[in-house]
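Here's the structure we're looking at; comments come further down.
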Amino acid sequence: MVSFFFTFSSLFFLCIHVSSAVDTISADFTLSGDQTVVSSGETFEMGMWYKQLPQRTVLWVANRDKPVTDKNTSVLKISDGNLVLLDGKNQTPVWSTGLNPTKSSSVLKAVDESGSVLWQSFDHPSNTLLPGAKIGLDKRTGKRQRLTSWKNVDDPSPGLFSLELDDSTAYKILWNGSTQYWSSGPWNPQSNLNESIPEMRLNYIYNFSFFSNSTESYFTYSIYNHANISRFAIDPRQQCQVYAYCGSFGICSSQSQPFCQCPQGFRPNSQIDWDLKDDSSGCVRNNEIQCSRGDISQALLLSNVKLPDNSEVLGNTSLSNCGSACLGNCSCQAYAHDASSNRCLTWIKDILNLQQLEEDNSEGNTLYLRLSASDMSSVSSGKSNKVIILGTVLGSLGVIALAMLAVILTVRYLRRKRMGGEKSDGTLAAFSYRKLQNATKNFSEKLGRGGFGSVFKGVLHDSSDIAVKRLEDISQGEKQFRMEVVTIGMIQHMNIKLLVYDYMPNGSLDSHLFINQTEEKIVLGCKLRYQIALGTARGLAYLHNECRDCIIHCDIKPENILLDPQFGPKVADFGLARLVGRDFSRVLTTMRGTRGYLAPEWISGVAAITAKADVYSYGMMLFELVSGRRNTEQLENGKVRYFPSLAAAVLTADGDIRSLLDPRLDGEPVDIEELTRACKVACWCIQDEESHRPAMSQFVQILEGVLEVSQPPFPRSIQA
């Protein structure tokens with residue numbers, strides 16, 4: 001059946017066939033076929049379209065559950081004071097605004113004759129929250145305004161996930177309308193922001209607000225620049241963090257593509273949905289367990305998994321007794337045994353939220369999934385056949401394989417013995433002092449000096465170029481050195497005095513920015529500088545958001561951005577870095593970064609910093625990347641030029657943005673949009689209040705062109 005949906009869609013992404021000349025629907029007006037109604041601002045368009053059409057941004061769908069059969073005979077009109085959608089020749093009602101019948105209204109533009117609002121789509125959001133719309137709770141009726149996902153990318157039918165406001169002023173995501181698996185935490189009325197969500201901060205692109213009185217509570221937001229087209233997306237860091245993403249009995253693995261797999265003895269419940277990348281229907285058994293027929297079921301072992309939800313504890317017992325208890329209960333689907341507490345866990349209902357963990361994840365458990373005897377025999381048979389085939393192949397090639405293995409092991413042993421690259425308990429190679437002394441020719445080629453020691457060039461036995469950092473200054477220097485070890489490698493040993501890195505032939509960023517006319521250095525072009533800015537932002541976003549612990553670098557500056565052979569940026573020198581657990585947002589430190597790159601809250605002496613300190617430093621560095629000069633520069637007339645003030649003034653006055661660019665790039669093609677974007681980003685980064693600075697992940701989206709950036713305020717601290 002061909003399906004049609006009545007929708008609001010963004011005009012920017014749409015090809016219009018026939019449009020009404022007005023933006024209102026009167027009592028004698030009908031909408032059908034290819035007719036549409038366009039808003040007065042020509043931003044939104046309302047009409048009916050085929051479901052399978054080129055990509056457009058659909059913002060609201062009226063008849064999500066009931067697509068019409070024929071758009072040419074289906075009609076949208078006013079009837080008894082309601083806006084109704086009638087399907088086909090029989091004019092069957094499929095959707096209505098559901099208002100009480102009123103006297104005829106000459107025009108219904110969401111208002112009656114007195115100007116009061118009768119109905120508006122904002123009160124019935126689908127899957128998109130537009131500026132001015134609400135997510136909230138009507139305290140009089142108990143009705144909630146919530147966002148509900150589409151079933152899949154092509155089907156706007158209500159999906160399994162919804163976002164709504166709970167009674168504690170927190171956003172929460174529900175699965176299947178009942179199971180909560182994420183919460184934003186409560187709104188902070190003192191600071192007017194949500195601490196746990198960096199995007200929900202004031203005075204940026206969006207202005208979030210929370211209102212509450214005796215009749216309702218709701219969140220809403222507005223945009224400072226109404227010319228921007230915006231959207232918010234809930235994007236988990238890992239797909240498997242989405243609750244029950246693979247449905248019942250499905251196994252989610254972030255390490256595989258596709259993410260969802262059915263265990264042995266199971267198949268997709270709906271192959272059509274799985275082909276559409278909608279795995280929420282889950283998996284079903286190939287053969288049901290027939291307890292009444294004496295089916296002797298067995299269990300399939302799934303190792304290193306995150307145990308599913310909703311287990312039942314049978315008490316203290318052995319693994320053997322636990323298995324017997326489950327297999328003896330026809331309703332039992334799976335079991336697990338906690339050796340530390342000797343507890344037996346069983347699952348009676350469907351298995352939900354089962355995740356396959358990474359090999360190096362020590363938090364995994366073993367789950368025994370019940371299979372019918374026929375499915376278990378096919379699994380065992382398949383394994384037996386594989387063993388026979390493998391045995392035959394290995395038997396034929398055994399002598400050759402053993403000989404090759406012996407050669408490889410011998411070569412690797414000799415190489416490791418000569419160079420000392422043994423693995424420690426961490427993930428990095430460990431070298432003896434003598435081996436690094438030989439690799440660096442007794443530390444003869446010095447590349448430079450850092451805050452706590454010198455860096456030397458070396459060459460490993462396999463001809464790999466390396467840079468070796470040697471600890472020379474004790475006390476405070478050793479603290480910084482050891483912090484770098486912990487941050488990048490999690491290796492903790494009393495006698496570590498040297499760190500080995502990949503050698504970066506293009507040196508640090510400062511060596512290409514702050515150069516004399518006589519120096520023979522490559523002048524970085526506009527495009528390359530922009531890519532360095534974007535790459536550095538991605539690196540910081542990774543440190544802040546994607547590591548197990550949030551890593552605050554604390555010393556972002558051009559000297560600590562190294563450039564690989566392709567001038568790709570690498571964030572380096574973690575001597576001042578701080579690890580912050582995911583449950584904490586601030587860290588106290590007595591360390592001091594580099595003057596000129598320090599955030600105001602750090603300089604103040606309170607020294608309780610967040611990842612926003614790195615954001616500030618990044619902004620200062622970005623200004624220098626644009627200008628090719630230090631931010632503070634002594635002029636010939638004795639005056640001091642402070643580039644951030646100059647740049648902010650040009651942005652505020654809509655001045656010549658080209659005047660801010662490195663003069664060495666005169667004559668080179670300049671992307672004005674990228675240059676403006678970079679300057680705005682830098683100015684947002686150095687806002688006085690840390691809560692006004694967006695998160696690093698948002699700056700990545702802005703620099704990628706995914707997110708628009710509004711005009712930044714002039715920071716008070718840099719005003720002349």
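For ILE561, indicate whether it is under 28 Å from ASP465 (Cα atoms) and either at pLDDT 80 or above or outside the structural domain of PHE643 (by TED's automatic domain parsing) (or both). Outline the logic, then answer.
On the way: under 28 Å from ASP465 (Cα atoms): yes; either at pLDDT 80 or above or outside the structural domain of PHE643 (by TED's automatic domain parsing) (or both): yes.
Yes, satisfied.
Condition check ((1) within 22 Å of VAL626 (Cα to Cα); (2) modelled with pLDDT of 55 or more; (3) touching a Lys or Arg at 6+ places or on another chain (Cβ under 7 Å)) across all residues:
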| position | (1), (2), (3) |
| --- | --- |
| ARG482 | no, no, no |
| SER511 | yes, yes, yes |
| GLY535 | yes, yes, no |
| ASP573 | no, yes, no |
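Taking into account only those residues within the stretch 172-192 that are buried (at least 19 other Cβ atoms within 10 Å of the Cβ) and at pLDDT below 75, which is farthest from the chain's Cα centre (by Cα)?
To start, the set of residues in the stretch 172-192 that are buried (at least 19 other Cβ atoms within 10 Å of the Cβ) comprises 173-175, 184, 187.
Checking which are at pLDDT below 75 leaves us with 184, 187.
On the way: SER184: 15, TRP187: 22 Å.
Among residues in the stretch 172-192 that are buried (at least 19 other Cβ atoms within 10 Å of the Cβ) and at pLDDT below 75, the one farthest from the chain's Cα centre (by Cα) is TRP187.
Taking the options LEU314, LEU302, name whichever one is touching a Lys or Arg at 6+ places or on another chain (Cβ under 8 Å) and not in a loop (DSSP other than H, G, I, E, B).
Sole residue among the options that is touching a Lys or Arg at 6+ places or on another chain (Cβ under 8 Å) and not in a loop (DSSP other than H, G, I, E, B): LEU314.
Condition first: surrounded by 19 or more Cβ atoms within 10 Å (Cβ to Cβ), under 21 Å from ASP564 (Cα atoms) and touching a Leu at 6+ places or on another chain (Cβ under 9 Å). Now tell me which residues in the stretch 439-454 satisfy that.
Applying the first criterion (surrounded by 19 or more Cβ atoms within 10 Å (Cβ to Cβ)) to the stretch 439-454 yields 439-440, 450, 452-453.
Those left that are additionally under 21 Å from ASP564 (Cα atoms): 439-440, 450.
Result: ALA439, single match.
So which residues in the stretch 279-313 are modelled with pLDDT of 85 or more and among the aliphatic types (A, V, I, L, M), if there are any at all?
VAL284, ALA299, LEU300, LEU301, LEU302, VAL305, LEU307, VAL313
So VAL305 passes all but one of these: (1) within 30 Å of SER157 (Cβ to Cβ); (2) touching a Ser or Thr at 6+ places or on another chain (Cβ under 8 Å). Which condition number does it fail?
Condition not satisfied by VAL305: (1).
Just to check your reading of the model, which residue among CYS326, CYS322 is assigned by TED's automatic domain parsing to the domain that holds SER253, in contact (Cβ under 8 Å) with a residue 40 or more places away in the chain and not in a loop (DSSP other than H, G, I, E, B)? Full working, then the answer.
Details: CYS322 fails: in contact (Cβ under 8 Å) with a residue 40 or more places away in the chain.
Being assigned by TED's automatic domain parsing to the domain that holds SER253, in contact (Cβ under 8 Å) with a residue 40 or more places away in the chain and not in a loop (DSSP other than H, G, I, E, B) holds for just one of CYS326, CYS322, which is CYS326.
Tell me, which residue of the stretch 640-661 that is of a type in the set (A, V, I, L, M) and closer than 13 Å to GLU624 by Cβ is surrounded by the fewest Cβ atoms within 10 Å (Cβ to Cβ)?
Going through the qualifying residues, I end up with LEU646.
Within the group LEU436, LEU367, LEU345, which residue is of a type in the set (A, V, I, L, M), assigned to a helix (DSSP H, G or I), surrounded by 13 or more Cβ atoms within 10 Å (Cβ to Cβ) and at pLDDT 80 or above?
Values: LEU367 fails: assigned to a helix (DSSP H, G or I); LEU345 fails: assigned to a helix (DSSP H, G or I).
Matching residue, one of LEU436, LEU367, LEU345: LEU436.
From the set of residues in the stretch 249-292 that are touching a strand residue (DSSP E or B) at 6+ places or on another chain (Cβ under 8 Å) and among the β-branched types (Val, Ile, Thr), which is surrounded by the fewest Cβ atoms within 10 Å (Cβ to Cβ)?
The qualifying residue surrounded by the fewest Cβ atoms within 10 Å (Cβ to Cβ) is VAL284.
When the residues of the stretch 606-661 are narrowed to those that are part of a helix (DSSP H, G or I), touching a residue at least 40 places away in the same chain (Cβ under 8 Å) and among the aromatic types (Phe, Trp, Tyr), which ends up nearest to GLY535 (Cα to Cα)? Steps first, please.
Going residue by residue through the stretch 606-661, those that are part of a helix (DSSP H, G or I) are 612-627, 643-652, 657-660.
Next, from what is left, pick out any that are touching a residue at least 40 places away in the same chain (Cβ under 8 Å): 612-626, 644-645, 648-649, 651-652.
Those still in the list that are among the aromatic types (Phe, Trp, Tyr) too: 616, 618, 623.
Numbers: TYR616: 17, TYR618: 12, PHE623: 16 Å.
Ranking the candidates gives TYR618 first.
For residues in the stretch 701-720 being assigned to a helix (DSSP H, G or I) and out of contact with any Leu (no Cβ under 7 Å at 6 or more places or on another chain), which is modelled with the highest pLDDT?
Step by step, filter the stretch 701-720, then rank; the result is ILE702.
The values are calculated or read from the model by the stated rules, or taken from the named source; none is laboratory data. Quick caveat, the model's predicted, so the values are computed rather than measured. Using ideal geometry, Cβ is built from the backbone for each residue, glycine included, and neighbour counts are taken over all protein chains shown.
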